[in-house]
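For reference, the structure discussed in these notes is given below.
Just so it is clear, none of the values below were taken in a lab; they were calculated from the coordinates. Model, not experiment: these values are computed from the prediction. Virtual Cβ from ideal backbone geometry, glycine too; neighbours counted across all protein chains shown.
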Amino acid sequence: MNREFISYQEVLKLYNRQDIHIFESHNNMPKVISTGNGEVIKFFYKKTWFSSNYYAPYAIRFLNNSRKLQTLGVLSPEVTRLKYCQQLKAHIIHYKKLPGDTLLSLIQNGNHELFSHAIKVISYLHKKGIFFRGIHLSNIIYQSNNNMVLVDVTDMAIKDKPLSLPMRYRNLQHLFFHKRDYNLWKSIGMDNCVQQYLDLSGLSECAKKILSYLFKLKLNLLIRVPK
Ligand SMILES: Nc1ncnc2c1ncn2[C@@H]1O[C@H](COP(=O)(O)OP(=O)(O)O)[C@@H](O)[C@H]1O
Ligand SMILES: [Mg+2]
């Protein structure tokens with residue numbers, strides 16, 4: 001995909017459009033916005049001079065990951081434009097706004113049956129060898145046809161075989177112990193969630209026992225050590 005160059009003035013025009021909705025900001029700058037014509041625009045500002053962003057810009061990782069995910073049968077936004085603003089040192093990508101809501105907002109509104117959908121997503125990703133570091137409830141959009149779409153796909157590793165046990169354990173922790181979502185998961189019973197994952201995991205009985213043991217240990221520690 002060709003990288004278009006965009007001036008700071010053009011970025012300012014985007015910020016000041018009357019029809020935008022800001023999903024996320026960062027340091028008082030818009031980070032993810034949607035426009036009246038159904039586009040989402042995400043800004044990747046350069047963090048530091050030495051950040052790895054310099055070598056593999058996050059926007060390009062997003063673009064590559066979303067393409068790879070599509071070939072693996074995982075839905076994610078299709079990037080339609082890639083831009084760069086020299087003055088801001090920011091990459092900007094455009095993609096379509098998806099119908100549906102995040103699992104987080106749906107669950108917070110009482111749809112507790114949707115927890116199991118997040119577990120379905122992560123077990124599918126693991127079987128396909130996908131380690132999605134950003135896995136948590138506000139990065140999964142649930143649609144009325146039961147489809148689930150991953151957003152925020154910058155940070156992931158894709159292997160050519162199912163994930164190893166340590167990687168699965170690490171990634172499940174990203175899902176269940178995410179600072180914001182932890183109490184939600186706890187409210188429906190973490191043991192039950194781990195069991196649901198194991199049932200879908202395709203792991204051997206021995207591997208399931210190890211994973212289940214590691215979680216029991218972690219949960220016991222969390223109960224004993226007050227935060
Ligand atoms: N394609 C999209 N369609 C609809 N909503 C989206 C889309 N992309 C992002 N969002 C919304 O914007 C929020 C922030 O986007 P995200 O890419 O997760 O940014 P951040 O890196 O700040 O977490 C998401 O949680 C979701 O609510
Ligand atoms: Mg996000």
Tell me the relative contact order for the chain as a rounded percent, counting alpha carbon contacts under 8 Å between residues six or more apart.
17
Please work out, to two decimal places, the log10 of the ratio I(q)/I(0) at q = 0.08, 0.09, 0.13 Å⁻¹ from a Debye calculation in which every Cα of the chain carries one identical scatterer.
-0.34, -0.42, -0.84
Plugging the Kirkwood radius over Cα pairs into Stokes-Einstein for region 101-224, at a temperature of 4 °C and a viscosity of 1.567 mPa s, what D comes out in µm²/s?
88
Return the whole-Å distance between the Cα centroid of region 156-227 and the Cα centroid of region 53-101.
28
Between Asn16, Asn28, Asn37, where does the largest GNM mean-square fluctuation fall for the chain, given springs only between Cα atoms within less than 10 Å?
Asn28
Return the Rg/Rh ratio of region 77-163 with Cα-based radii and a Kirkwood Rh.
1.04
For region 3-96, shape from the Cα gyration tensor axes a ≥ b ≥ c, cut at a/c of 1.5 then a/b versus b/c, turns out oblate
Contact order relative to length of region 3-96, as percent, for alpha carbon pairs under 8 angstrom and 6 or more apart
33
What FRET efficiency do you get for Asn27 and Arg133 if R0 is 25 Å and r is their Cβ-Cβ distance, rounded to the nearest 0.05?
0.70
Pairs Lys68/Lys161; Lys42/Lys83; Lys47/Lys179; Lys127/Lys159; Lys46/Lys159; Lys68/Lys159: which are spaced more than 19 Å apart, C-alpha to C-alpha?
Lys47/Lys179; Lys46/Lys159
Using just the helices of the chain, give the 222 nm mean residue ellipticity in deg cm²/dmol: DSSP H runs with n ≥ 4 each add -39,500 (n - 2.57), and the total is spread over all residues, rounded to 500.
-12500 deg cm²/dmol
Take Ser66, Ser34 and order them by how many other Cβ atoms sit within 10 Å, fewest up front.
Ser34, Ser66
Order by protection proxy (mean Cβ within 10 Å, highest first), peptides 180-191, 136-147
136-147, 180-191
Burial order of peptide ranges 195-207, 73-85, 115-127 (average beta-carbon count within 10 Å, highest first):
115-127, 73-85, 195-207
Would you tally the net charge around Asn139, using a Cβ to Cβ cut-off of less than 13 Å, leaving Asn139 out, and scoring K and R as +1, D and E as -1?
-2
